[in-house]
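The values are calculated or read from the model by the stated rules, or taken from the named source; none is laboratory data. Just so you know, these numbers come straight off a predicted model, no measurement behind them. So basically every Cβ, Gly included, is an ideal-geometry build from the backbone, and we count neighbours across all protein chains shown.
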């Protein structure tokens, strides 16, 4: 089965965002990945809801919203108001993760849980059947353009085993350092969704690059 591809808007050209949005709309990408950073949970700040509302008006792609923030449950209503398909929260940022997952699903969105590179996938054993998606960070969160952490491949294989043995239907999404080379290895290891930032937006032909990733 071919992977889903979710270009990360963090790598887009915000001086001409309309052009990049038009490109994504005519491309074969499956989702649009949106990273929200607060400068607390991660050492950077990205964009907030005023920008996201504009993006939501321009896109024809489902929104995959990734909250790299403390207390993400405070913004479930705002993310839902964007028309988001998926809301991703970090395991490390949620004291009451099961409750947050329930609230996201009750709001009518798919519930995703994200793990930092140092968090074992086995930490999700008791909630894996309740989530729709698990995203593994294959770089340290907070900045685009980082190099892929090779250990991620082993993490994908272990997560795939956990999902299959539990009967969960959760998808495996990977964010960080994804390109054609790493993407191929990730798909072989069991990944379902590839988040690609620099590989797409810095390509000579972003539409063709998205198609190449989907064909891995």
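General observations
- Being closer than 14 Å to residue 66 by Cα, surrounded by fewer than 19 Cβ atoms within 10 Å (Cβ to Cβ) and either in contact (Cβ under 8 Å) with a residue 24 or more places away in the chain or out of contact with any helix residue (DSSP H, G or I) (no Cβ under 7 Å at 6 or more places or on another chain) (or both) holds for only one residue in 147, 80, 161, and it is 80.
- Exactly one residue out of 113, 207 is in contact with a strand residue (DSSP E or B) (Cβ under 6 Å, 6 or more places away or on another chain) and not in a loop (DSSP other than H, G, I, E, B): that is 113.
- Against the list (1) surrounded by fewer than 21 Cβ atoms within 10 Å (Cβ to Cβ); (2) at pLDDT 95 or above; (3) farther than 27 Å from residue 59 by Cβ, the condition residue 152 fails is (1).
- Annotation: of all residues in region 126-144 being in contact with a strand residue (DSSP E or B) (Cβ under 9 Å, 6 or more places away or on another chain) and part of a helix (DSSP H, G or I), the one that is surrounded by the fewest Cβ atoms within 10 Å (Cβ to Cβ) is 130.
- Screening region 62-77 for residues that are part of a loop (DSSP other than H, G, I, E, B) and touching a helix residue (DSSP H, G or I) at 6+ places or on another chain (Cβ under 9 Å) and picking the one that is surrounded by the most Cβ atoms within 10 Å (Cβ to Cβ) gives 69.
- Within region 23-34, tally of residues that are assigned to a helix (DSSP H, G or I) and closer than 22 Å to residue 79 by Cα: 2
- Condition check for residue 200: touching a residue at least 40 places away in the same chain (Cβ under 8 Å), buried (at least 24 other Cβ atoms within 10 Å of the Cβ), touching a helix residue (DSSP H, G or I) at 6+ places or on another chain (Cβ under 8 Å) and part of a helix (DSSP H, G or I): yes
- Some residue of region 95-113 being at pLDDT 95 or above, more than 26 Å from residue 78 (Cβ to Cβ) and surrounded by 15 or more Cβ atoms within 10 Å (Cβ to Cβ): no
- Considering residues of region 164-183 that are surrounded by fewer than 17 Cβ atoms within 10 Å (Cβ to Cβ) and farther than 26 Å from residue 211 by Cβ only, the residue nearest to the chain's Cα centre (by Cα): 169
- Here residue 186 meets the list (1) buried (at least 23 other Cβ atoms within 10 Å of the Cβ); (2) closer than 18 Å to residue 32 by Cα; (3) at pLDDT 95 or above; (4) in contact with a helix residue (DSSP H, G or I) (Cβ under 9 Å, 6 or more places away or on another chain) almost entirely, failing just condition (2).
- Test: residue in region 12-20 that is in contact (Cβ under 8 Å) with a residue 24 or more places away in the chain and in contact with a strand residue (DSSP E or B) (Cβ under 8 Å, 6 or more places away or on another chain): no
- Within region 166-182, the set of residues being outside any helix (DSSP H, G or I) and more than 13 Å from residue 198 (Cβ to Cβ) comprises 167, 168, 169, 170, 171, 172, 173, 174.
- In region 129-140 there is at least one residue matching the filter, namely being more than 21 Å from residue 29 (Cβ to Cβ) and out of contact with any helix residue (DSSP H, G or I) (no Cβ under 7 Å at 6 or more places or on another chain).
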